[in-house]
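Here the structure is laid out as structure tokens; the discussion comes afterwards.
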Amino acid sequence: MGISVSRLSKAYGTVLAVNEISFEIGDGEFVSLLGPSGCGKTTTLRCIAGLEDATGGEIRIGERLVSAPAQNLLVPAHERQIGMVFQSYAVWPHMTVRDNVGFPLSVRGMGAAQARTEVEDALRVVGLAELAGRHPSQLSGGQQQRVALARAIVGSPRVLLFDEPLSNLDAKLREGMRGEIRRLQRRLGIAAVYVTHDREEALSMSDRVIVMDHGRIVQIGTPQDLYRRPASRFVADFVGKVTFVALHRDDAAGPWLCPDGTPIALASTAQGGTRALAAIRPEDIRVQPGEPAGDAAADGANRFAGTIAEAHYTGPVTEYLIEAAGGVIRTHAQIDLEPGARVTLSIPPDRIVLLPPD
Amino acid sequence: MQGAAVPMPAPAAARAGKGLSERVLNALYILTFATVLLLVLVPLSALIYGSFRTSAPGSPGEWTLQNYANLASGGVVTTVWTTLWIGLVSAAICIVIGTALALVIHRTDFRHKSLMTALIGLAFYFPSFIVAMAWIILGAPGGIINAIVGDLLGLDFLRTDIYSALGIVYVTVLHQVPFVYLTVRGPIIGMDATYEEAALAAGARPATVIRRVTLPLLAYSIASSFILVFILTIEQFAIPALIGIPGQVNMLATQLYLLCRFSPVDYGLAAAIGLALSAITGAAIWAQRRVTRAGRLTTITGKAGRVKPIPLGRWKWAANLFCFGFIFLALLLPMLILLYTSVLRWFTANPFNGMYTLRNYAFIWESGSTLRSFWNTLLVSGVGAVFGVLLGLMCAYFTLRVRPKGHRWLDFVTVLPFGVPGIVLGLGLLWAYAFLPLPLYGTIAVIIIAFVTRFLPYATETVGGQMVQVDRSLEEAAWVSGANRLRAALRIMLPIISPSIQSAYFLLFMAFFREISSAILLYSANTQVISISIWAFFEQANWGLASALSVVATLIIFGSLVVIGRLAPAGRRF
């Protein structure tokens, strides 16, 4: 049982919020929808939940077709048997924790005795067993989010949907909850869709990440794929810090040159044409004080001479902006250097991603 | 959990369930829409019809434009000017006094903050016709003030005559100031303290901060409150009727009344005047909405800090005199006068000459007609308000949440009564039920219809105001949990907004209890309510009986306020 989305569209008037996107999520798989605000990720999730009526395409949850506007089929949210966690928690203020969690069971007509056991189980799983009689106003934000989580898992849902569930929590709590959500989902073994604009959240939690922009999917892949092998400038930029170097060459077979004319060695040769973009992650660049020594590097790394323009000490590393190869390159290093210092940058060719030009 | 499966509803059953919930909601929507359309559009279209007719409702007549031509006649034009200047002057004075009260109470170290707030609250609910009656007893040519300053002290130049335009302004101000206070208090308390603290840090003295920062920031709230008071003043009926008619000072509302009740009767002209008055109030409401919308950008943030109160120092006495002086004139003195008048056998300004009696109170219990008016009031206010709240709740839910096809029209029609003064609505209903084949004329039902129509926007706004604050995801969470729309509305939305339903009920109850203007053209001997009975007794110069009934009515109102005070905290438990 999973989720299958094919050519899903959602239009508001003439504006296409989601534009013919397709993806599959396997049973037990945890997939994030990542993108800037307005990219259509939340709309996609809400179409899956049945909170928005899709205007095109099909959605299946498990074997069941739940949305196919062309066939005039839109199963209402309350029949899709999903568990959903909202950004605002959406914990009902007039019910106790126990009643909140028991609601999905009671509306589906489960007997009181069985429901009570299930609610207690769910509350124990999220660590709220002793707060069952409280009202939400007596709980902290993190505890309310756990109530929402318990409520989402209690009715043995077929899929779990998360709409930026952690964005209202403070940073420390957020990291703890990431692990907890993942643990719960593994335990239930059902498909989960997780909407977020936080790249760290998406990368650390997901089996696969779907990056969206302007209502379209720009890349689907494992977190490692997206980070190390982004398919476009947008993805490279969105999933982490990166420096782009505009490359050029005289003919389609010649060596690539940096803006200042320095040649640069690449492992990938896939890109044709005479113009391209090199994407380099800061942690892939080694910084050493002093001018480049000798002619060529023994390890085959590219070497550039540079001058430190800015230094920002962040604790674990110092972030340097270095003028080199005719541009400014962003790097991380643990050595302490002053702005103005001359340095040597080493970049292994296999860590440089070649992208199409802008 | 642990594989314990909740029984999935069978698909067929599920579809039937969905269908039922949708069908019920649909039916409710159609019912609500139809009811609101009937309530609002029937009297309005009847009024428009009437304004083009030569005859009284129900009599044969011809089509004419003469009624609109007559709007330009000298009498009507004078009335329009009188109405406008009384409205503007009253509103201006109310704004100054009301804002000053709010600033003294909430921005200085004024000692009796909670007492004063409670007293102004009482004054707000003190019916205008009761204030007017008390000040007539005080300020009429043969009233108490003249007896003291003229007959007793011989200061003839201080003799007063309340029966004048200034008398209308004076009593209107006493009655409307609490409204201004209540509308500007929220913005004053809710204003982000850092604006004022920044001015203090920049070296401004507290008085300068008030003048150069606080008041300009409040400008939009004050402007909005000014327009609202202007509207309330030009559409009111009781004060200009009690004070203006004997003094031959006509406002549009009273002229409309005179045209319907005294010869030469001219219902067509009355309808045209009603529409003209509605046009003025409608335009004013439009202006008020624009002001509010423009102001929303500038003023208030959610975080309410506490600014250090301004020390009154040696001006403490002035603040006390101002605040308690107002309460004395607007609340205590009228109440004392009514109590005094209610126990007199014959009215006299000198309490030492008075023959005291309780026969006025005894009469209330012995007279079948006053007892009936109590019973009618209970029916109209107690039961009528239930209808009003139910209808308001439906309107709010459909226009704000479900938003089915046509909800914008429903929204528009629901707020229309805001622009229709009570007496105009009454006249519209008079025209309507003379033609409709419904045996409603002269029944208590037509009074309830008038009141519900007139105050429907209050119910919708009160309930809707809380409904928009309820995050959408609360209902959505119920849907994904397996509840259909109807069930989610009943189990999630309804309990969460129950405090606003409670306040809407009391708001309507109080409004119905005090309402005269929309009932004055519709009541019959059998359908009198308390407010009308008081008014009628006073018109018959039966001051003692009117006062006694007023005392009882006031006690009921203040008693209800205590009940509300008790109930409201329970509603706010989350």
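The values are calculated or read from the model by the stated rules, or taken from the named source; none is laboratory data. Here the structure is a predicted model, which is why all the values come from computation and not from measurement. We place every Cβ from the backbone using ideal geometry, glycine too, and count neighbours over all the protein chains shown.
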Candidates A:Pro289, A:Pro316 - the one that is in contact (Cβ under 8 Å) with a residue 40 or more places away in the chain, exposed (fewer than 15 other Cβ atoms within 10 Å of the Cβ) and on the phi < 0 side of the Ramachandran plot = A:Pro289
Filtering segment B:434-463 down to residues that are assigned to a helix (DSSP H, G or I) and among the small types (Gly, Ala, Ser), which residue is surrounded by the most Cβ atoms within 10 Å (Cβ to Cβ)?
-> B:Ala459
Does B:Ile130 satisfy the condition of being more than 19 Å from the chain's Cα centre (by Cα), among the β-branched types (Val, Ile, Thr) and part of a helix (DSSP H, G or I)?
-> no
Since B:Ser500 meets every condition but one in (1) within 14 Å of chain A (Cβ to nearest Cβ); (2) touching a residue at least 12 places away in the same chain (Cβ under 8 Å); (3) farther than 23 Å from B:Ala123 by Cα; (4) among the small types (Gly, Ala, Ser), which condition does it not meet?
-> (3)
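When only residues in segment A:182-196 that are buried (at least 18 other Cβ atoms within 10 Å of the Cβ) and in contact (Cβ under 8 Å) with a residue 60 or more places away in the chain count, which is nearest to A:Phe238 (Cα to Cα)?
Selected residue: A:Thr196.
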Mind telling me which of the residues B:Arg487, B:Arg566 ends up being within 14 Å of chain A (Cβ to nearest Cβ) and either touching a residue at least 24 places away in the same chain (Cβ under 8 Å) or assigned to a helix (DSSP H, G or I) (or both)?
-> B:Arg487
Among A:Ile322, A:Ile308, A:Ile335, A:Ile329, which is within 18 Å of A:Asp284 (Cα to Cα), touching a residue at least 24 places away in the same chain (Cβ under 8 Å), of a type outside the set (Ser, Thr, Tyr) and not in a strand (DSSP E or B)?
-> A:Ile335
Mind checking which residues of segment A:57-90 are more than 9 Å from chain B (Cβ to nearest Cβ) and acidic (Asp, Glu)?
-> A:Glu58, A:Glu63
Sort out which residues of segment B:347-356 are in contact (Cβ under 8 Å) with a residue 60 or more places away in the chain and either basic (Lys, Arg) or out of contact with any helix residue (DSSP H, G or I) (no Cβ under 6 Å at 6 or more places or on another chain) (or both), and write them in order of number.
-> B:Asn350
Modelled with pLDDT of 90 or more, on the phi < 0 side of the Ramachandran plot, surrounded by 21 or more Cβ atoms within 10 Å (Cβ to Cβ) and touching a Lys or Arg at 6+ places or on another chain (Cβ under 9 Å): does that describe B:Ser481?
-> yes
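Can you go through A:Ile264, A:Ile280, A:Ile220 and tell me which one is touching a Cys at 6+ places or on another chain (Cβ under 8 Å) and of a type in the set (Val, Ile, Thr)?
A:Ile264
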Out of the residues in segment A:91-108 that are of a type in the set (S, T, N, Q) and in contact with a Lys or Arg (Cβ under 7 Å, 6 or more places away or on another chain), state the one that is nearest to the other protein chains (Cβ to nearest Cβ).
-> A:Asn100
In this structure, does A:Leu226 turn out to be at pLDDT 90 or above and in a strand (DSSP E or B)?
-> no
Which ones in segment B:106-127 are over 24 Å from the mean Cα position of the chain (by Cα) and within 22 Å of B:Phe226 (Cβ to Cβ)?
-> B:His106, B:Arg107
If you take the residues of segment B:466-477 that are more than 7 Å from every other protein chain (Cβ to nearest Cβ) and in a helix (DSSP H, G or I), which of them is nearest to the chain's Cα centre (by Cα)?
-> B:Gln466
